[in-house]
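Before any comments, here is the structure.
The values are calculated or read from the model by the stated rules, or taken from the named source; none is laboratory data. Remember, it's a predicted structure, so these values are computed and weren't measured experimentally. No Cβ is skipped: glycine too gets one built from the backbone with ideal geometry, and neighbour counts run over all protein chains shown.
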Amino acid sequence: MVEGGGHRAGGYRARLVDDRLEVAISQLPAVSLVGPRACGKTTTAARYAASVVRLNRDAEAAVFRADPDAALRRMAEPVLLDEWQEVPGVLAAVKRAVDDDSRPGRFILTGSVSAELTTNSWPGTGRITRVPMSGMTTREARGALPGRPFVDRLRDGDASAFAPAAGERFDLGDYVDLAVAGGFPDPLLNRDDTGRRLWMESYLDELVHHDAALVRAGIDSGRFARYLEAIAVNNAGVVDDKTIFDSVRIDRRTANAYWHLLENLFIAEAVPAWWSNRLTRLVALEKRYLTDTALMATALRLESNQIMRDGDLLGRIIDAFVAMQIRPELTVSSARPRAYHLRDKGGRHEVDLVVEFGGGRVAGIEVKATASPDTDDARHLAWLRDHLGERFVLGVVLHTGPLDFELGERIIAAPISTLWA
């Protein structure tokens, strides 16, 4: 079994979620840190724990299966209950303990399966506060925290705040290599290319044959694996469900179940379509992502040089890589922004990501696998700006070249590396 998200190389790397988690633990009795398996939850949460129980280890889980209430009473607090979904009854025990004593900082739960799937009703409502955690961003991996997050720079609308990362020049091949490496801390920080590929293959196998079965008993792992491959082929795409389930030869009901399974394993995310009463004929279909680009590369058995030779895959993995950098910032930003995508029914206008802030203020992001974007690459952002007027804060064309420059009123081009500048 693939385990852990330890940051052995160079010690602990600060994570975007650190501040939010620390505040939650200091204020609330029980906190659940949720995210994909091996994204670093245990390593991060253990820094606050007086005792740690790893419930995916049979010897430690046995006591909690027998009597979770008694087992909890014996633990020094804060107690970290790692991979709680392996012993679902532990949730009810935490609820009872919090009902009896609601002091802050008693329990930290980490899990890689959404609770709603493994219990008939969520027993922690009002008692256990969920804090989402994503894979490691390039900003985190390079030790670029603290710093001014990209989404906060977007909100402020300062066109001068999107310079490239200092000290390095990235080109298209570098960004593809970063995307293939992904954001799982252990392989990213501690393995070479061969070791990373072996780790990811093991992770994917564990996902299909263990994690999926834990949530959905009797699942056909072969069909589920093919469905995952179909999602990988269409990563960062707006695609009708029928296209997916026809390619895998499953019915709509099964396809929907498989998609929700990926979501509840925190492996996939649907970005909703943006809507405005100022614009008509907008497509309502979601844009679907695998949450880590290494999963896409591994599921399709692709290396960087193969992706570089396929224009469609290249565009998808760069788009998904950018989304992977922005997603964790959305969950921790004090501005509480929300991400959408935009496409009209005629296909004439499309914006990769629309970030909406309070008061209906909007920023747009286009992702281009080119080193020299021009005004044509910004035409959809200009269209959105012209329709929204003062509600439009800023448009950014993220590209693979080295320079940042203006492309029009409230529209700039910036290197992808500005995400971790």
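Quick look at the values:
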item	result
Looking only at the stretch 387-399, and only at residues there that are buried (at least 23 other Cβ atoms within 10 Å of the Cβ) and in contact (Cβ under 8 Å) with a residue 60 or more places away in the chain, the one that is farthest from the chain's Cα centre (by Cα)	L394
Hey, V355 over 19 Å from the mean Cα position of the chain (by Cα), surrounded by 23 or more Cβ atoms within 10 Å (Cβ to Cβ) and not acidic (D, E) or not	no
Filter result for the condition that a residue is under 21 Å from T243 (Cα atoms), assigned to a strand (DSSP E or B) and assigned by TED's automatic domain parsing to the domain that holds V238, over L295, L262, L342	L342
Set L384, L353: member being part of a helix (DSSP H, G or I), assigned by TED's automatic domain parsing to the domain that holds T291 and either closer than 21 Å to R139 by Cβ or touching a residue at least 40 places away in the same chain (Cβ under 8 Å) (or both)	L384
Lone qualifier among R343, R348 - being over 26 Å from R139 (Cα atoms), modelled with pLDDT under 95 and either among the aromatic types (F, W, Y) or touching an Asp or Glu at 6+ places or on another chain (Cβ under 9 Å) (or both)	R343
When residues of the stretch 231-248 are limited to those that are of a type in the set (A, V, I, L, M, F, W, C), crowded, with 21+ Cβ neighbours inside 10 Å and modelled with pLDDT of 95 or more, the one farthest from P272 (Cα to Cα)	A232
Residues of the stretch 184-221 satisfying the condition of being within 23 Å of R15 (Cβ to Cβ), hydrophobic (A, V, I, L, M, F, W, C) and either assigned to a helix (DSSP H, G or I) or over 22 Å from the mean Cα position of the chain (by Cα) (or both)	L188, L189, W199, M200, L207
Failed item, numbered, when Q325 is tested on (1) surrounded by fewer than 20 Cβ atoms within 10 Å (Cβ to Cβ); (2) farther than 18 Å from I231 by Cα	(1)
Filter result for the condition that a residue is assigned to a strand (DSSP E or B) and either among the aromatic types (F, W, Y) or in the same structural domain as R197 (by TED's automatic domain parsing) (or both), over L407, L330, L403	L407
Test: residue in the stretch 131-140 that is modelled with pLDDT under 95 and touching a Pro at 6+ places or on another chain (Cβ under 7 Å)	no
Residue selected from the stretch 88-103 under the condition basic (K, R) and assigned to a helix (DSSP H, G or I), by the criterion farthest from D69 (Cα to Cα)	K95
Filter result for the condition that a residue is in contact (Cβ under 8 Å) with a residue 24 or more places away in the chain and in a helix (DSSP H, G or I), over I365, I317	I317
Considering residues of the stretch 328-352 that are more than 21 Å from L282 (Cβ to Cβ) and among the small types (G, A, S) only, the residue surrounded by the fewest Cβ atoms within 10 Å (Cβ to Cβ)	S334
